[in-house]
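See structure below.
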Amino acid sequence: MGKALEGVRILDFTHVQSGPTCTQLLAWFGADVIKVERAGEGDATRGQLRDIAGVDSLYFTMLNHNKRSMTLDTKRPDGKKVLEKLIQDCDVLVENFAPGALDRMGFSWERIQELNPRMIVASVKGFGPGPYEHCKVYENVAQCTGGAAATTGFDDGPPLVSGAQIGDSGSGLHLALGIVTALYQRNTTGRGQKVLTAMQDAVLNLCRVKLRDQQRLERNGVMEEYPQFADGQFGESVPRAGNASGGGQPGWILKCKGWETDPNAYIYFIAQAQVWPAVCKLIGREEWITDPDYATPRARLPRLMAIFAAVEEWSTTHTKFEAMDILNKFDIPCGPILSMKEIAEDPSLRATGTIVEVDHPERGPYLTVGNPIKLSDSPTEVRRSPLLGEHTDELLSGLGYSEDQIRRLREERVI
Ligand code: CAO
């Protein structure tokens, strides 16, 4: 079966996490992704957090599936010539260098347009235009400047970053959508364009509900669904909400049987208005169905923590999986806190290709997260990441270089 992006050629100048997640997605959708790396070292993540000496790290392999790798020193004149040919030959250049690095290399937007006016140039940067546009940025900087850290954690504790890589992988997702959209527009305009995702913007986009809450707070001085509402004070900005739900249905994380020894024996429980009578019956508080202090969502707001404590009395008598089964019988929305071990071993995630086992010639089999976006006419096959420079020769000969020319480039350490 053909793939959605078959025929699209991507010049992949990305490194670390944000850019590589973007180009990996495009590769999974069928684009030919050519990863250009410096000879000798390659993407820094190949050597970071290694679990096996001398072998590409999981950090690298899990972000660079289905790509081809070419080594090239793009600061040397002969390397620049190869890069020029690649630019003429590809549809999209994706990069996440520090601000200005591409210009310093001699490949400004104007120069790229001269070489190939159809080329789309897609970039991840830490910040958009403004006071911080020249700064280098990693994941947690974006979480801190995009509103995530200030709103994550408990009200009486410090700001907290999330385990979800919303700055890096979140930006990669945003950029991939921008690229596909620019490719679509090119069908009518015939021209390339610049696509920019600033990591701060991507995180803020994912924290949209917190900007909603900021404005609610400024208008009303309180937010009734926040745990602080019943007995705390609100300041000028949105506080950390602990495990409160970000939506209109209150929720919290509750202990389950075994919580004393298992750090993940918890369940997320949502007191959805529609199922309130079922909740009351289940936890043995049938009187709350009609009690005016509990009968309506509004009446319950100042009592939420006491309500969650009552549900927790029930949930601690069941394992998280038993609680999930029982609550779902009554359509009560909930979710067990799954550990990474449980997720890695989950047969249903393996069956859908969300968790995939991949074989690698140097490290052997390993697990990765497959394509989370499923297209019925463009199924994803996850192929191992390339070794450094594995495809240099085939790519150069595809660009018209002879064996002798390739040998000379290698002797001169351009590739
Ligand atoms: N040949 C020759 N030179 C190359 C090359 C190649 N194939 N590939 C990269 N280089 C050069 C770059 O041109 C740059 O040179 P100059 O500094 O002389 O311009 C140099 O390598 C270093 O690139 P860099 O500054 O991007 O790398 P860094 O490790 O210092 O910084 C990072 C890394 C991520 C902080 C920075 O790239 C950045 O801020 N990127 C944008 C935001 C981003 O994507 N962050 C997410 C990273 S994942 O957490």
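Please treat every number below as a calculation from the coordinates, not as lab data. Keep in mind the model is a prediction, meaning the values are calculated, not measured. Virtual Cβ from ideal backbone geometry, glycine too; neighbours counted across all protein chains shown.
Taking amide H positions as placed in the peptide plane 1.01 Å from N, state which residues far from LEU93 in sequence (5 or more) or on other chains have amide H under 5 Å from it.
Distant-sequence amide H within range of LEU93: LEU11, ILE120, VAL121, ALA122.
If I stretch the segment between LYS257 and ASP346 completely, what's the gain in nm (0.36 nm per residue apart, minus their alpha carbon distance), one decimal?
Numbers: separation 89, 0.36 × 89 = 32.04 nm, distance 2.08 nm.
Full extension of this stretch gives 30.0 nm more.
What are the ³J(HN,Hα) values, in whole Hz, obtained from phi via the Karplus relation 6.51 cos²θ - 1.76 cosθ + 1.60 with θ = phi - 60°, for each residue of region 94-107 in sequence order, with x given for Gly and Pro?
After applying 6.51 cos²θ - 1.76 cosθ + 1.60, I find 10, 9, 9, 6, 4, x, x, 5, 5, 4, 4, 6, x, 10 Hz.
Region 229-363: D in µm²/s via Stokes-Einstein (Kirkwood Rh, Cα pairs, 37 °C, 0.692 mPa s)? Don't jump to the answer; show the numbers that get you there.
Numbers: Rh = 16.9 Å.
Stokes-Einstein gives a translational diffusion coefficient of 194 µm²/s.
Do any of LYS257/LYS374; LYS35/LYS125; LYS3/LYS81; LYS210/LYS329 go past 26 Å between their Cα atoms, and which?
LYS257/LYS374; LYS3/LYS81; LYS210/LYS329
Report Rg (one decimal) and Dmax (nearest whole number) for region 239-288, counting Cα atoms only, units Å.
In order Rg, Dmax, the Cα atoms of region 239-288 give 13.0, 34 Å.
Alpha carbon centre of region 253-279 versus region 1-49: separation in Å?
Spelled out, the Cα-based centre of one part sits 41 Å from the other.
By its C-alpha gyration tensor, with a ≥ b ≥ c as the square roots of the eigenvalues, how is region 180-264 shaped: rounded for a/c under 1.5, else prolate for a/b larger than b/c, else oblate?
oblate
Could I have the simple spin-label model distance between ILE52 and LYS75, label points 7 Å from Cα toward Cβ, reported in nm to one decimal?
Calculated label separation equals 3.3 nm.
Whole-Hz Karplus ³J(HN,Hα) for region 121-133, in order, using 6.51 cos²θ - 1.76 cosθ + 1.60 and θ = phi - 60°, x for Gly and Pro?
So the J values, rounded to whole Hz, are 10, 10, 10, 9, 10, x, 10, x, x, x, x, 10, 4.
Could you tell me, in Å, what Rg and Dmax come out for the Cα atoms of region 1-117?
Over region 1-117's Cα set, Rg and Dmax evaluate to 14.5, 45 Å.
If neighbour count is taken as other Cβ atoms inside 10 Å, put ILE307, ILE406 in order from fewest to most.
ILE406, ILE307
Roughly speaking, what is the stretch gain from THR188 to ARG303, that is 0.36 nm per residue apart minus the C-alpha to C-alpha distance, in nm to one decimal? Can you show the working numbers first?
Numbers: separation 115, 0.36 × 115 = 41.40 nm, distance 5.71 nm.
Extra length from THR188 to ARG303 when fully extended: 35.7 nm.
In square nanometres and to one decimal, what's the mean projected area of the convex hull around the Cα atoms of the chain?
24.6
With N residues in region 269-327, what two-decimal value do you get for its Cα radius of gyration over 2.2 N^0.38 Å?
This ratio for region 269-327 stands at 1.08.
In nm, give the distance between the simple-model label positions of GLU287 and LEU177, each being 7 Å from the Cα along the Cα-to-Cβ direction.
4.9
When the Karplus curve 6.51 cos²θ - 1.76 cosθ + 1.60 is applied with θ = phi - 60°, which whole-Hz ³J(HN,Hα) does each residue of region 343-348 get, with x for Gly and Pro?
Along region 343-348, the couplings run 5, 4, 9, 5, x, 6 Hz.
Let me make sure I get this right: for region 66-115, a, b and c are the square roots of the gyration tensor eigenvalues over alpha carbons, sorted descending. Under 1.5 in a/c it's rounded, otherwise prolate if a/b > b/c, else oblate. Which is it?
rounded
Are there GluC sites (Glu not before Pro) in region 257-292 that DSSP marks as loop and that have at most 11 other Cβ atoms within 10 Å, and which are they? Provide the component values of the computation, followed by the final result.
Working: sites: GLU260, GLU286, GLU287; in loops: GLU260.
Loop-located and lightly packed - GLU260.
Assuming 0.36 nm per residue, please report the length gained on full extension of the stretch GLU236 to GLU411 beyond their Cα-Cα distance.
56.7 nm
If contacts are Cα pairs under 8 angstrom and at least 6 residues apart, what is the relative contact order of the chain in percent?
19
If I take the Cα coordinates of region 92-190 and project them onto the principal axes, what are the three extents in Å, biggest first?
On the principal axes, region 92-190 reaches 56, 29, 20 Å in Cα extent.
Rounded, prolate or oblate: which fits region 143-299 when a ≥ b ≥ c are the square roots of the eigenvalues of the alpha-carbon gyration tensor, with rounded for a/c under 1.5 and prolate only if a/b beats b/c?
prolate
LYS125's amide H: which non-local residues (gap 5+, or another chain) put their own amide H closer than 5 Å, with H modeled 1.01 Å from N in plane and none for Pro or chain starts?
Answer set, sorted by chain and number: THR197, ALA198, MET199.
Please arrange THR296, THR197, THR151 by how many other C-beta atoms lie within 10 Å of their C-beta, fewest to most.
By the 10 Å Cβ count, ascending, the order reads THR296, THR151, THR197.
From the P(r) of region 320-415, could you give the percentage of C-alpha pairs in the tail past 14 Å?
78
Could you pull out every residue, at least 5 positions away or on a different chain, whose amide H is within less than 5 Å of the one on THR71? Hs are placed 1.01 Å off N in the peptide plane, and Pro or chain starts have none.
GLU37, GLY389, THR392
Cα centroids of region 116-159 and region 178-192: how far apart, whole angstrom?
First find each Cα centre; the distance between them is then 26 Å.
Given the options ILE406, GLY54, THR23, identify the residue whose Cα lies farthest towards the positive end of the charge dipole of the chain (+1 on Cβ of Lys, Arg; -1 on Cβ of Asp, Glu).
ILE406
Over region 293-376, what number does the Rg to Rh ratio reach, with both radii from the alpha-carbon atoms and Rh per Kirkwood?
Values: Rg = 19.5 Å, Rh = 16.5 Å.
Rg/Rh for region 293-376 comes to 1.18.
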